[in-house]
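Here is the structure we will look at, set down as structure tokens.
Just so you know, all these numbers are worked out from the coordinates, no wet-lab data involved. Remember, it's a predicted structure, so these values are computed and weren't measured experimentally. Virtual Cβ from ideal backbone geometry, glycine too; neighbours counted across all protein chains shown.
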């Protein structure tokens, strides 16, 4: 009598890999059934002058159907890393409805303006300063798992008090409690110790620090 032979078990398939345009990243291709996101339908659930909330019927990368909620900012935001001649960064302490007191760089909505024009306005309104030298630092995307929120970042230098600046009303409206000028190295320490927790501020400081050669 011949002993039964064990059934051969096929080796577990592993994800197929291919080269990424970025040399140090190795991408994993989706499985045979996989694909990208497909939107089957969309419905706006809420909208105001600042945001729009929609609910999409989608098919996900694994082929499963579902609902995806998305918040879209009506206009891009602007963030300003203002650095004075003493290498100090302008920070504002602001009372946020969502998280309470938060230490951040000056920022705000563009309200349909050109991003640079909006950045100049926000710096003046929130701090009472204007800058003679503006450097675009590129864009960022906030909360990109649930939102469409483009943000423009600028480095502002050659700072001076704005002539006839009346920013008290704007500060009160925004809930700004204090303006401080903090050495860049100390700002990094505030980030490391968790005093600064605003994600956009941290990312914008990183962009400015890279441009200024502080992380090499």
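At 0.36 nm per residue, minus the direct Cα-Cα distance, what do residue 53 and residue 134 gain on full extension? Give it in nm, one decimal, please.
25.8 nm
How do 146, 176 line up, fewest other C-beta atoms within 10 Å first? Don't skip to the answer; put the middle values down first.
On the way: 146 12, 176 20.
Starting with the residue having the fewest Cβ neighbours, the order is 146, 176.
Which ordering of 152, 75 is given by a fewest-first count of other beta-carbon atoms within 10 Å?
Ranking 152, 75 by Cβ neighbours within 10 Å, fewest first, gives 75, 152.
Quick one: 120, 45, fewest Cβ neighbours within 10 Å first, how do they rank?
45, 120
Compute the convex hull volume of the Cα atoms of region 77-211, divide it by the residue count, and report the result per residue in Å³ as a whole number. Mind dumping the intermediate values first?
On the way: hull volume 15.3 nm³, N = 135.
Dividing the Cα hull volume of region 77-211 by its residues yields 113 Å³.
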